[in-house]
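Notes follow once the structure below has been shown.
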Amino acid sequence: MLPAHRLMAAHITTVAVATLVHLTVPSARTSLWAVIGLAGVAAVLAGSLLHRPAHRWPWWVLAAGLLTFIAGDTYYNVMETYFHAANPFPSPADACYLATYPLFAVGLSGLVRHRWSGHDLPSLLDALILTSGLALPVWVYLVQPLTEVEGLTWQQRAISVTYPLGDVLVLALLARLLAPGPVDGPNRSVQLLVVGTATLLGFDIAYGILQLNLMWETGTLLDTGWIVFYTAWGLAALHPSMVALTATAPQQVSLLPRPRRLVMLTVATLVAPGILLYEGLSGSPHHASVIAAFSSVLFLLVILRLAGIVVVHRKAVARELALRRAGASLVSAVRLEEVARSCEAAVDTLLGPTVRHRTLLLSAGRAAEFTPGGSRMVPRAELGPDLADDLGTLPAVLAYPMTPPDRPAAQVPGVLLVAGPSEPLHETRASLEILASHAGLAVERVALRQEIVRRESEAYFRTLVRNTSDVILIVEDDNTVRYASPSAASVFGDTDLVGASLPGLVDPRDRSRAARELDAVRESGPRATHDHWWVRHREGRVEVEVRCSDFRDERTVAGLVVTLRDVTEQRRLEHELTQRAFHDSLTGLPNRTLLLERIERALLRGRREGSLTCLLFVDLDDFKQVNDTLGHLAGDHLLMAVGSRLAKALRRTDTAARLGGSRPARSPGRWSSAPGPISTR
């Protein structure tokens, strides 16, 4: 059993034993009564020291009120028991009793002030309705008869009237402490305070009625009423829930009170017509003016309560519209920036243009410092310097985890921070929690969409990379290959390139140049270069066009991207086209175009060096007869043989060219030898 529950059990046992002895042993009534009262005072002080509430002074004031109450009872019992002063009135005991009510009022007001932040007019009206309904029968059947009793001085009348009115005041403060009810259920400590105060009021009324009829005696069962009062207040302080009475609790805003509270308010408003009906049935009413006054007050309070319901309804409709617009905006958001703007617009609408506030939407990474759970007030000391600067000097900061209500709060997708005055934040707390949950769904949807797009993009580019003819390599800082596309097999053969050195795969003649090019790309920063390398293949060499880019700063790549394109066939075709453009296709000798170009260069060189240039034309006689008698194939062989002999007979600086037509097999065999330089000597 916990220490608090042990103390409660011990307190109940002590009071029960003392009460039993008090009722059975008349000689020990005075001392035992003092023990019972002081036990309640000690229980209140012990509870405040044991549980350490945020604010202790209201409980200490309540303990002081209990102490003055038991002091008045003790004085009364001592004077009656030991000095045989029969029912002294007024006396110092009454002064102690009268000092009790201001202390109770101050203590309970402190609990109300620390329990409920801001101004809650509907709850205050509920408390006033309950108080007015309870005060009417007290006034009609106790206070007013006390004012009409003959033989009482004005001091006696005033004191007699003060007792029940003081009890009604204490009960009204407790009703205010109960309203509107915490969201986490009723508070056991408040219930014990209400039980004790209601018992005190009932037995004070009974005491007044007995006093009017001269029937009051001490040592009867009526004493148990005040014993219940002492005990209940002591247990209220010993119960662990007393800590919540000085901690700010979120108020539950609703259009209508709870069913039990609605029944209590209904009964309170029907007290006046009930008394009027009772007096009308029993005879002519004697308190019509008082009943009319209380009925008017109750009527006005009910009208104000209904007006408050209308105002709350209008605000609820406005907030619902704002949340609908925010929900539609969040559904269409595709980026986190759009989610943040939607939340800011919704908070602006909920708080209104006159409330100075700031709104921040924290991502999951920055939200890790906030504990999961429901919304809570965040002390500014827990905020980092960056958040404190962003939120400015606003007095209160509320954190709303963006977790949907039907999901566990183990992983929070983000936190919605709203800074501003505490009262508007508490008023719109429920709406902001709904907004935060919708924003959490939007953040998750945006993240899911980005993940889908990323995976689709990865699949798209993976398909392109796997089916492209170009070779894509990712090279580490030490020039080793970390990734090679599947097309690398067509350039390098079946060699596994992962882990191999890229310069080692290049032809030895280009190896050092390839290493220098890779180092130059790393040193010059993020730029792209182009080059041509010869790489080794199992069937020979392959010429590749190289493009190298620096992507070391990209998190997904973190290396050099080298793209290789096989240009071996392209180079061969280019060489073949060049050969066909400047050479005869049959003999392989230079054609007319190349001959004219070399003649021009030879003439320019001759002018510069003072040398001569000679040009010799050779023609094959009767070539047509060879074609006609032996066939075109024999003519082609003849032309190739003549061209070969001329090429072998000339020097390396001379040129042998064939000036035939486009169809050499049918054209005449005309040859030229030029333009070799001829010495003038």
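The values are calculated or read from the model by the stated rules, or taken from the named source; none is laboratory data. Note that the structure is predicted; figures quoted are calculated from it, not measured. Neighbour counts run over all protein chains shown; Cβ positions are idealised from the backbone, glycine included. Ligands, DNA and RNA are excluded from the accessible area calculation, which covers all protein heavy atoms including side chains. Shrake-Rupley method; radii C 1.70, N 1.55, O 1.52, S 1.80 Å.
Just a few scattered comments:
- Close pairs from region 342-370: first modelled with pLDDT of 85 or more and surrounded by 15 or more Cβ atoms within 10 Å (Cβ to Cβ), partner polar (S, T, N, Q) and part of a strand (DSSP E or B), Cβ under 8 Å, at least 6 apart: 343/359; 344/359; 347/359
- Enumeration of residues in region 565-575 that are of a type in the set (A, V, I, L, M, F, W, C) and either in contact with an Asp or Glu (Cβ under 6 Å, 6 or more places away or on another chain) or crowded, with 16+ Cβ neighbours inside 10 Å (or both): 567
- Residue under evaluation residue 75, criteria (1) modelled with pLDDT under 85; (2) surrounded by 20 or more Cβ atoms within 10 Å (Cβ to Cβ), criterion not met: (2)
- For the residues 437, 431, the requirement of being part of a helix (DSSP H, G or I), surrounded by 11 or more Cβ atoms within 10 Å (Cβ to Cβ) and free of Cβ contacts under 8 Å to residues at least 40 places away in the same chain singles out 437.
- Extreme residue, farthest from the chain's Cα centre (by Cα), among residues of region 50-71 that are open to solvent by 70 Å² or more (accessible area, probe 1.4 Å) and at pLDDT 90 or above: 67
- Residue that is nearest to residue 544 (Cα to Cα) [pool: residues in region 476-504 that are assigned to a helix (DSSP H, G or I) and open to solvent by less than 20 Å² (accessible area, probe 1.4 Å)]: 491
- Against the conditions (1) surrounded by 13 or more Cβ atoms within 10 Å (Cβ to Cβ); (2) over 21 Å from residue 588 (Cα atoms), residue 620 satisfies every one except (2).
- Checked against (1) open to solvent by less than 70 Å² (accessible area, probe 1.4 Å); (2) modelled with pLDDT of 80 or more; (3) farther than 23 Å from residue 573 by Cα, residue 529 passes all but a single condition, namely (2).
- Boolean, residue 521 is open to solvent by less than 80 Å² (accessible area, probe 1.4 Å), part of a helix (DSSP H, G or I), modelled with pLDDT under 80 and not polar (S, T, N, Q): no
- Considering the conditions (1) touching a His at 6+ places or on another chain (Cβ under 8 Å); (2) within 19 Å of residue 657 (Cβ to Cβ), residue 616 is excluded by exactly one of them, (1).
- Unique match (being over 30 Å from residue 109 (Cβ atoms), open to solvent by 80 Å² or more (accessible area, probe 1.4 Å) and modelled with pLDDT under 80) among 256, 210, 214: 214
- Options 587, 563, 613: the member that is of a type in the set (Ser, Thr, Tyr) and under 60 Å from the mean Cα position of the chain (by Cα): 563
- Taking the numbered list (1) touching a residue at least 40 places away in the same chain (Cβ under 8 Å); (2) open to solvent by 40 Å² or more (accessible area, probe 1.4 Å) in turn, residue 578 passes all entries but (1).
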